[in-house]
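Encoded as structure tokens, the structure appears first; notes follow it.
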Amino acid sequence: MKPITPCLWFDTEGEEAAKFYTSLFPNSRITEVTHYGPNTPGPEGAVLTVSFEINGQPFIALNGGPQFTFDEAISFEILCKDQAEVDRYWDALTGDGGEESQCGWVKDRFGVSWQVVPERLYELMRDPDTEKAQRAMQAMLQMRKLDVAELEKAFAQA
């Protein structure tokens, strides 16, 4: 079976977004750019689609016009190995017009929602000691950017 390819509908910023995402994530690249032709809904010669990969996962950016916009009902999770990685992705995604949200969620400057999550959060929340796991979860619910040290501290409280 071929991979499922998410198609992200942009007004006109698809190529800019694809360049940003492929610069941010390892093992990423733009694979193809198509353009509007004559007698199509977009201006002839303007970018229609950009096919790209983020860490090997295929995506398509479609410049379809202003009819549709992104919302938080769809997001992409970035599972981070440590706090430094959380900080790097968080700063990049909130920079240049991105918006912080709650519980590790952020919207980038294009309106795409991301969850920037340290692997350690899931380890804490899966701990067999449900009281400790709940303390970590409650701490996470109070955060914007997730802080591994604070999650650990809440988990370890007696």
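The values are calculated or read from the model by the stated rules, or taken from the named source; none is laboratory data. As the structure is a prediction and not an experimental result, all values here were calculated from the model. Don't worry about glycine lacking a Cβ; one is built from the backbone with ideal geometry, like all the others, and counts go over all protein chains shown. The area values use the complete protein model at the heavy-atom level, side chains included, leaving out ligands, DNA and RNA. Shrake-Rupley method; radii C 1.70, N 1.55, O 1.52, S 1.80 Å.
Near Val86, within a Cβ-to-Cβ distance under 11 Å, what is the net charge of the other residues, with Lys and Arg +1 and Asp and Glu -1?
-2
Taking Rh as the Kirkwood radius, which is the inverse of the mean 1/r over Cα pairs, what is the Rg/Rh value for the stretch 2-56?
1.01
By a straight-distance test (C-alpha under 25 Å), which lysines pair with Lys2 as possible cross-link partners, with residues fewer than eight away in the same chain excluded?
Lys19
Among Thr69, Thr130, Thr22, which one shows the highest mean-square fluctuation when the chain is modelled as a Gaussian network with alpha-carbon springs under 10 Å?
Thr130
With n ≥ 4 as the cut-off for DSSP H runs, can you work out [θ] at 222 nm for the chain, using -39500 (n - 2.57) per run divided by the number of residues, rounded to the nearest 500?
-9500 deg cm²/dmol
Would you kindly state how much longer the chain becomes between Lys2 and Thr40 on full extension, computed as 0.36 nm times their sequence separation minus their alpha carbon distance, in nm to one decimal?
Full-extension gain reported as 10.8 nm.
Can you give me the orientation-averaged projected area of the convex hull built on the Cα atoms of the stretch 98-158, in nm²?
Average projection, Cα convex hull of the stretch 98-158: 3.9 nm².
Add +1 for every Lys or Arg and -1 for every Asp or Glu among the other residues with Cβ under 9 Å from the Cβ of Trp105, and state the total.
Net of charged neighbours comes to 0.
What number results when the radius of gyration of the chain, computed over Cα atoms, is divided by 2.2 N^0.38 Å?
For the chain, the normalised Cα radius of gyration comes out at 1.23.
Based on the Cβ-Cβ distance from Thr31 to Asp11, what FRET efficiency comes out when R0 is 22 Å, to the nearest 0.05?
It comes to 0.50.
Based on the Cβ-Cβ distance of Arg144 and Gln57, what FRET efficiency does E = 1/(1 + (r/R0)^6) give at R0 = 41 Å, to the nearest 0.05?
The pair Arg144/Gln57 has a calculated efficiency of 0.95.
Determine the distance separating the Cα centre of the stretch 92-138 from the Cα centre of the stretch 22-85; give it in Å without decimals.
22
With a 1.4 Å probe and every protein chain kept in, tell me what percent of the accessible surface of the chain is carbon plus sulfur.
51
What share of the DSSP beta bridges in the chain is antiparallel, in percent to the nearest 5?
Among the beta bridges of the chain, antiparallel pairing accounts for roughly 65 percent.
Using only the alpha-carbon atoms, how far is helix 130-141 inclined from the longest principal axis of the chain? Give it as 0 to 90 degrees, nearest 10.
50
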